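**Student:** Quick one: structure below, then a few questions.
The values are calculated or read from the model by the stated rules, or taken from the named source; none is laboratory data. Just so it is clear, the structure is predicted and the values come from calculations on it, not from any experiment. Please note: Cβ atoms are built from the backbone with ideal geometry, for glycine as well, and neighbour counts cover all protein chains shown. Ligands, DNA and RNA are stripped out before the accessible areas are found, and what is left, the full protein with its side chains, is counted by its heavy atoms. Shrake-Rupley method; radii C 1.70, N 1.55, O 1.52, S 1.80 Å.
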Amino acid sequence: MEYNFKEIEKKWQKKWVENKTYHITEDKTKKKFYVLNMFPYPSGAGLHVGHPLGYIASDIYARYKRLQGYNVLNPMGYDAYGLPAEQYAIQTGQHPAITTVKNINRYREQLDKIGFSFDWDREIRTCDPEYYQWTQWAFIQMFNSYYCNNTKQACPISELISTFETCGTDKLNVACTEELHFSDKEWKTKTDIEKQETLMNYRIAYLGKTMVNWCPELGTVLANDEVVEGVSVRGGYPVVQKKMRQWCLRVSAYAQRLLDGLNTIDWTESLKETQRNWIGRSEGTEVKFKVKDSNVNFTIFTTRADTMFGVTFMVLAPESELVAQVTTSDQKKEVAAYLSRTKKRTELDRISDRSVSGVFTGNYAINPFTGDAVPIWISDYVLSGYGTGAIMAVPAHDSRDYAFAKHFNLPIIPLIEGCDISEESFDAKEGIVCNSPKAGITPYCNLNLNGLTIKEAIDATKKYVEENNLGKIKVNYRLRDATFSRQRYWGEPFPIYYKNDMPQVIDEDCLPLKLPDVDKFEPTSTNEPPLGHATKWAWDTLNKCVVENSKIDQKNIFPIELNTMPGFAGSSAYYLRYMDPRNHKTLVSKEIDEYWQNVDLYVGGTEHATGHLIYSRFWNKFLHDIGISVVEEPFHRLVNRGMIQGRSNFVYHIKNTNTFVSLHLKEKYESTPIHVDVNIVSNDILDIEAFKASRPEYKNAEFIMENDKYICGWAVEKMSKSKFNVVNPDMIVDKYGADTLRMYEMFLGPVEQSKPWDTNGIDGVNRFIHKYWGLFYDRAGNYIVKDELPTKEELKSLHKLIKKVTGDIEQLSYNTSISAFMICVNELSKLKCNKKEILEKLIIVMAPFAPHVCEELWETIGHMTSVCDAKWPSYDEKYLKEDAFNYIISFNGKSRYNIEFPANATTEEITAAVLADERSLKWTKGNVPKKVIVIPKRIVNVVI
RNA sequence: GCGGCUAUGGCGUAAUUGGUAGCCGCGCCAGACUUAGGAUCUGGUGUCGAGAGACGUGUAGGUUCGAGUCCUAUUAGCCGCACCA
């Protein structure tokens with residue numbers, strides 16, 4: 001029989017479906033292993049050769065773990081909600097649901113050809129109501145929870161209400177939008193609406209009037225991770241800051257836990273570092289400043305408490321509420337002018353133009369340490385969203401304050417011994433503090449920092465601040481709450497309606513709240529989100545789902561939430577749903593969750609480092625708090641697959657002719673490179689006939705060849721249609737088969753590394769599979785496997801392979817495993833080894849990589865069951881043992897010659913033999929060696 | 001500016017974790033078989049040198065009997081954060 005990959009692959013893919021080979025159920029007699037890929041967004045372009053890279057890597061791991069006897073969960077699904085389908089709908093009128101299904105089917109078709117071991121019975125789609133009802137359900141739980149800083153977990157909001165009823169905000173330590181103070185009596189006198197408004201300050205999912213990233217082009221709000229350098233990640237449209245009433249998730253409450261959790265998981269250091277950066281913990285001090293001659297107080301945050309004596313002015317963010325309180329009547333006009341100027345600036349303007357600007361409020365603040373009155377300014381270099389939106393400026397030791405002080409001619413007081421601040425500020429946190437007033441000199445302060453290091457001075461100041469009630473020690477995080485509303489159609493509807501303008505939760509029994517059909521995907525004429533077109537749906541929903549629907553205020557506002565949830569909503573807990581995907585009663589049953597626990601191996605790209613991977617961890621921690629997810633961290637080990645870039649090919653067109661010149665001759669002519677479809681180029685040699693046929697104007701093209709070949713140039717670029725460098729996995733599968741594709745993708749290099757796709761070299765892997773086949777069938781197609789006892793050499797070759805591959809798969813170093821296969825198959829074919837005992841184990845070890853051909857061969861040698869249910873062979877060191885070792889003999893570290901010693905030779909024997917060897921005498925030149933170092937099995941170094 | 005990662009033949013990469021640098025594959029060279037080929041098989045292939053040998057892991061130092069691997073400095077490239085007080 002010949003190796004006919006087309007028939008073999010078709011046959012086994014069919015059998016796997018028929019026999020439900022990859023269908024997995026909970027089996028408590030086996031240890032579980034959960035492998036997961038970041039599920040794809042099914043785009044219209046289909047899969048290119050880069051997409052399956054991670055899937056193949058995880059599939060190999062899943063198959064390997066299964067052979068080791070684990071019960072392996074390896075699911076797949078689709079992140080089906082998203083902007084592209086909706087943008088496409090706006091342009092073409094094609095409903096996103098239709099586009100999405102079409103794309104999913106195309107993805108599935110492509111995935112099926114590659115031979116994955118996914119359990120498709122567990123498939124989920126985020127746009128499926130069966131699925132998204134649990135997204136909505138989780139949202140309701142967040143709405144009904146607050147975060148307690150004492151117990152460090154989410155708690156029911158009802159508990160908070162009873163706290164308010166008994167003691168108000170006294171001793172309250174909870175996460176909130178702003179610090180409120182009221183007594184139990186005051187709480188009781190609040191109206192129902194006031195109470196609801198107050199609670200909004202504490203809910204984990206809350207409606208907040210906050211500054212958001214508004215993208216006018218997309219007509220929606222975006223989360224921080226969806227904006228890069230002032231433009232939207234999707235589409236690259238400008239983004240402006242805008243104050244809007246939006247749903248938010250109090251992710252910031254979990255900042256510390258998100259940070260701490262990183263120490264418990266097996267992720268790459270760089271990814272953890274990216275998350276640490278994004279969370280941005282900074283320890284500092286909050287200090288209260290009094291506005292001169294008034295009762296107004298305000299608080300600033302600083303990490304440099306040691307610089308209190310160098311404060312020469314204060315700066316407020318333009319958006320700060322203090323601006324209005326502080327500005328004097330003389331300055332009102334100028335301040336208003338500045339505010340309107342900064343308001344117009346987009347995020348992009350702010351980033352590109354960092355010239356100093358600001359305005360004086362006319363007012364002064366009193367430095368609590370010195371009693372000095374320092375001017376209060378306004379400037380947009382202070383951000384309203386971080387700290388308190390106000391800073392104390394220490395121009396001597398902060399470059400931004402320094403630039404501001406120089407520009408507006410404000411004083412600068414140096415505080416570090418010997419620092420030079422004539423040209424720039426001294427920002428480094430090193431040196432000895434000076435210039436703090438001697439104790440007792442001012443009536444305000446008896447703190448003397450002189451002579452201390454900065455670290456000591458910060459600690460001393462913190463202590464002083466706390467003791468004198470001037471402020472408090474505070475930890476700030478860069479991580480902001482996530483905006484959770486999108487003014488979009490193609491997303492999960494919120495289970496929310498409004499009563500007296502206050503949001504109310506739709507009863508859980510009414511979930512899922514299904515997304516209605518609409519015929520227009522743009523905002524309504526009154527500028528409501530697209531769901532505003534679905535008026536019938538809105539009223540039907542209210543009548544069905546709201547018990548007291550007659551009481552709804554139908555006058556002023558549209559009574560149902562018209563925003564939809566953002567993309568990350570559906571992808572935040574999908575790994576839990578895979579465990580129990582068809583459960584109608586709960587997100588995941590307790591028993592099943594306890595079995596599968598969390599994801600053991602998660603494979604996906606780094607692009608989700610500050611988005612999905614933060615939200616998902618947050619979401620899981622919340623579910624853990626309310627008793628759903630048993631493990632706090634969802635993804636134990638995470639491997640980042642590298643991006644596959646394109647490798648473009650070029651032909652060189654000679655100016656004003658219809659002639660193309662081969663790469664190495666192009667310097668002789670005036671030529672311009674033109675992209676040529678990589679699919680008609682092989683090993684950089686152009687298929688001239690295919691090229692001529694590709695476009696009418698090339699039909700009569702002429703070529704200047706070298707060695708009768710036309711050689712193309714190449715470059716690494718992004719894989720895209722316009723560069724004609726997209727390689728489709730289907731084409732590779734058609735030409736070489738899925739097993740070759742799988743092995744070649746892995747052979748390209750480490751999974752984590754980004755690399756250009758280069759079809760050159762795939763022949764090597766293809767040849768290898770043929771050679772492997774050749775161990776079972778000779779060239780005439782005769783079956784040649786025999787039931788004979790293997791030789792020592794054959795066993796050694798096999799066991800070497802098993803040892804290497806077992807170790808490599810754990811590390812996901814598949815490229816080196818494949819090298820090992822090639823070596824082993826080469827050795828066996830040279831030994832003319834066709835013994836069943838050896839080949840049987842070879843099949844099992846190779847099955848995770850090339851499942852189709854291995855299934856076929858497994859059947860060929862006489863097995864009735866799938867190779868998936870075989871047992872991973874163990875290796876035996878006894879076959880790997882050497883009789884003798886080749887020692888490298890070196891002198892002063894320079895290797896000179898080799899001697900073979902028996903494996904049981906002692907150090908003394910080796911030393912003596914080396915010193916007696918006549919070649920040694922040449923290198924020692926008659927000197928007695930100072931030392932002889934023997935590294936067992938490896939090397940003997942003689943030190944002269 | 002701060003933080004992280006990487007650097008090895010013509011190319012993709014490997015190195016028992018401090019022990020003969022370049023495994024495996026591509027490409028290239030030579031040979032075999034051939035209907036003379038973008039097929040298959042066999043052998044060779046870091047650089048210089050006829051050779052013995054010398055040199056060689058971005059650059060410069062250091063530790064060590066011994067460094068691609070550890071330390072210091074430096075250069076280049078990639079990534080993350082960035083007016084975060």
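**Student:** Can you tell me which condition A:Asn656 does not meet? The list is (1) touching a Gly at 6+ places or on another chain (Cβ under 9 Å); (2) on the phi > 0 side of the Ramachandran plot, and all the others hold.
**Tutor:** Among (1) touching a Gly at 6+ places or on another chain (Cβ under 9 Å); (2) on the phi > 0 side of the Ramachandran plot, the lone unmet condition for A:Asn656 is (1).
**Student:** Something else now. Within the stretch A:800-813, which residues are buried (at least 21 other Cβ atoms within 10 Å of the Cβ) and either outside any helix (DSSP H, G or I) or touching an Asp or Glu at 6+ places or on another chain (Cβ under 8 Å) (or both)?
**Tutor:** Hit for the stretch A:800-813 is A:Leu812, nothing else.
**Student:** Would you mind stating whether A:Ser920 is within 10 Å of RNA strand B (Cβ to nearest atom) and either loosely packed, with under 12 Cβ neighbours inside 10 Å or farther than 30 Å from A:Gly781 by Cβ (or both)?
**Tutor:** no
**Student:** Also, quick follow-up: Give me the residue from the stretch A:715-732 that is surrounded by fewer than 19 Cβ atoms within 10 Å (Cβ to Cβ) and modelled with pLDDT under 85 and, out of that set, nearest to RNA strand B (Cβ to nearest atom).
**Tutor:** Among residues in the stretch A:715-732 that are surrounded by fewer than 19 Cβ atoms within 10 Å (Cβ to Cβ) and modelled with pLDDT under 85, the one nearest to RNA strand B (Cβ to nearest atom) is A:Val716.
**Student:** Now for a different question. Looking at the stretch A:267-282, can you tell me whether even one residue there is in contact (Cβ under 8 Å) with a residue 40 or more places away in the chain and more than 12 Å from RNA strand B (Cβ to nearest atom)?
**Tutor:** No, there is no match, as no residue in the stretch A:267-282 is in contact (Cβ under 8 Å) with a residue 40 or more places away in the chain and more than 12 Å from RNA strand B (Cβ to nearest atom).
**Student:** If you take the residues of the stretch A:701-714 that are assigned to a loop (DSSP other than H, G, I, E, B) and within 13 Å of RNA strand B (Cβ to nearest atom), which of them is nearest to A:Ser817 (Cα to Cα)?
**Tutor:** Out of the qualifying residues, it is A:Cys712.
**Student:** Right, next: If we keep just the residues of the stretch A:746-761 that are of a type in the set (S, T, N, Q) and within 6 Å of RNA strand B (Cβ to nearest atom), which is modelled with the lowest pLDDT?
**Tutor:** Ranking the candidates gives A:Asn760 first.
**Student:** Which of the residues spanning the stretch A:383-417 are under 24 Å from A:Lys292 (Cβ atoms), in contact with a Gly (Cβ under 7 Å, 6 or more places away or on another chain), among the aliphatic types (A, V, I, L, M) and open to solvent by less than 30 Å² (accessible area, probe 1.4 Å)?
**Tutor:** Within the stretch A:383-417, A:Val394, A:Ala396, A:Leu415 qualify.
**Student:** For the stretch A:311-406, which fully contained strands (runs of 3 or more DSSP E) count at least 2 residues that are near RNA strand B (Cβ under 8 Å from one of its atoms) and either among the basic types (Lys, Arg) or in contact with a Ser or Thr (Cβ under 9 Å, 6 or more places away or on another chain) (or both)?
**Tutor:** Fully inside the stretch A:311-406 and qualifying: A:390-393.
**Student:** Consider the stretch A:931-944. How many of its residues are more than 8 Å from RNA strand B (Cβ to nearest atom) and in a loop (DSSP other than H, G, I, E, B)?
**Tutor:** 2
**Student:** Mind listing whichever residues of the stretch A:152-182 are on the phi > 0 side of the Ramachandran plot and surrounded by 12 or more Cβ atoms within 10 Å (Cβ to Cβ)?
**Tutor:** A:Lys152, A:Gly168
**Student:** Here's a check for you: in the stretch A:887-906, which residue that is of a type in the set (D, E, K, R) and near RNA strand B (Cβ under 9 Å from one of its atoms) is most open to solvent (accessible area, probe 1.4 Å)?
**Tutor:** Of everything passing the filter in the stretch A:887-906, A:Lys894 is most open to solvent (accessible area, probe 1.4 Å).
**Student:** Can I ask one more? A:Ile769: within 13 Å of RNA strand B (Cβ to nearest atom), buried (at least 19 other Cβ atoms within 10 Å of the Cβ) and at pLDDT below 85, yes or no?
**Tutor:** no
**Student:** Let me ask you something else. Yes or no: the stretch A:733-740 includes at least one residue that is modelled with pLDDT of 95 or more, more than 8 Å from RNA strand B (Cβ to nearest atom) and basic (Lys, Arg).
**Tutor:** No.
**Student:** Looking at (1) touching a residue at least 24 places away in the same chain (Cβ under 8 Å); (2) open to solvent by 40 Å² or more (accessible area, probe 1.4 Å); (3) away from RNA strand B (no atom under 16 Å from the Cβ), can you tell me which one A:Gly208 breaks?
**Tutor:** (2)
**Student:** Another one. Pick from the stretch A:814-836 the residues that are within 9 Å of RNA strand B (Cβ to nearest atom) and open to solvent by 60 Å² or more (accessible area, probe 1.4 Å): which of them is modelled with the highest pLDDT?
**Tutor:** A:Ile823
**Student:** Pairs please, first residue from the stretch A:720-748 and free of Cβ contacts under 8 Å to residues at least 24 places away in the same chain, second anywhere and open to solvent by less than 20 Å² (accessible area, probe 1.4 Å), Cβ atoms under 9 Å, 6+ apart in sequence or on different chains.
**Tutor:** If the second residue must be open to solvent by less than 20 Å² (accessible area, probe 1.4 Å), the pairs left are A:Lys735/A:Ile762; A:Tyr744/A:Ile732; A:Tyr744/A:Ile762; A:Tyr744/A:Val765; A:Tyr744/A:Ile818.
**Student:** Quick test of your reading of the structure: A:Gly44 fulfils all but one of (1) closer than 30 Å to A:Val221 by Cα; (2) among the small types (Gly, Ala, Ser); (3) modelled with pLDDT of 95 or more; (4) open to solvent by 10 Å² or more (accessible area, probe 1.4 Å). Name the failing condition by number.
**Tutor:** (3)
**Student:** Right, something else. Can you tell me which condition A:Val291 does not meet? The list is (1) farther than 30 Å from A:Leu623 by Cα; (2) away from RNA strand B (no atom under 15 Å from the Cβ); (3) modelled with pLDDT of 90 or more; (4) surrounded by fewer than 18 Cβ atoms within 10 Å (Cβ to Cβ), and all the others hold.
**Tutor:** Going through the list (1) farther than 30 Å from A:Leu623 by Cα; (2) away from RNA strand B (no atom under 15 Å from the Cβ); (3) modelled with pLDDT of 90 or more; (4) surrounded by fewer than 18 Cβ atoms within 10 Å (Cβ to Cβ), A:Val291 breaks only (4).
**Student:** Being out of contact with any helix residue (DSSP H, G or I) (no Cβ under 8 Å at 6 or more places or on another chain) and more than 8 Å from RNA strand B (Cβ to nearest atom) is the filter here; which residues of the stretch A:681-697 pass it?
**Tutor:** Once the filter is applied, which keeps residues that are out of contact with any helix residue (DSSP H, G or I) (no Cβ under 8 Å at 6 or more places or on another chain) and more than 8 Å from RNA strand B (Cβ to nearest atom), the stretch A:681-697 yields A:Val681, A:Ala693, A:Arg695, A:Pro696, A:Glu697.
**Student:** Right, next: Exactly one of (1) under 23 Å from A:Val315 (Cα atoms); (2) in contact with a Cys (Cβ under 6 Å, 6 or more places away or on another chain); (3) open to solvent by 30 Å² or more (accessible area, probe 1.4 Å) is unmet by A:Phe369. Its number?
**Tutor:** Here A:Phe369 meets the rest and fails (3).
**Student:** Ok, one more. When you go through A:Lys243, A:Lys185 one by one, which is the residue that is open to solvent by 70 Å² or more (accessible area, probe 1.4 Å) and part of a strand (DSSP E or B)?
**Tutor:** The conditions single out A:Lys243.
**Student:** Quick one: would you say A:Lys841 is away from RNA strand B (no atom under 15 Å from the Cβ) and either farther than 29 Å from A:Glu109 by Cβ or surrounded by 21 or more Cβ atoms within 10 Å (Cβ to Cβ) (or both)?
**Tutor:** Yes.
**Student:** Check every one of the helices (runs of 4 or more DSSP H) wholly within the stretch A:574-634 and list those with 3 or more residues that are within 16 Å of RNA strand B (Cβ to nearest atom) and in contact (Cβ under 8 Å) with a residue 24 or more places away in the chain.
**Tutor:** Fully inside the stretch A:574-634 and qualifying: A:612-625.
**Student:** For the subset of the stretch A:246-280 comprising residues that are open to solvent by less than 70 Å² (accessible area, probe 1.4 Å) and of a type in the set (D, E, K, R), which member is nearest to A:Phe494 (Cα to Cα)?
**Tutor:** Per the criteria, the residue is A:Arg250.
**Student:** Answer yes or no as to whether A:Ile838 is within 22 Å of A:Ile8 (Cβ to Cβ) and more than 39 Å from the chain's Cα centre (by Cα).
**Tutor:** Yes: the conditions hold for A:Ile838.
**Student:** Sticking with this structure for a sec: Sort out which residues of the stretch A:773-787 are open to solvent by less than 90 Å² (accessible area, probe 1.4 Å) and either in contact with an Asp or Glu (Cβ under 6 Å, 6 or more places away or on another chain) or not polar (S, T, N, Q) (or both), and write them in order of number.
**Tutor:** Those that are open to solvent by less than 90 Å² (accessible area, probe 1.4 Å) and either in contact with an Asp or Glu (Cβ under 6 Å, 6 or more places away or on another chain) or not polar (S, T, N, Q) (or both): A:Trp773, A:Gly774, A:Leu775, A:Phe776, A:Tyr777, A:Asp778, A:Ala780, A:Gly781, A:Ile784, A:Val785.
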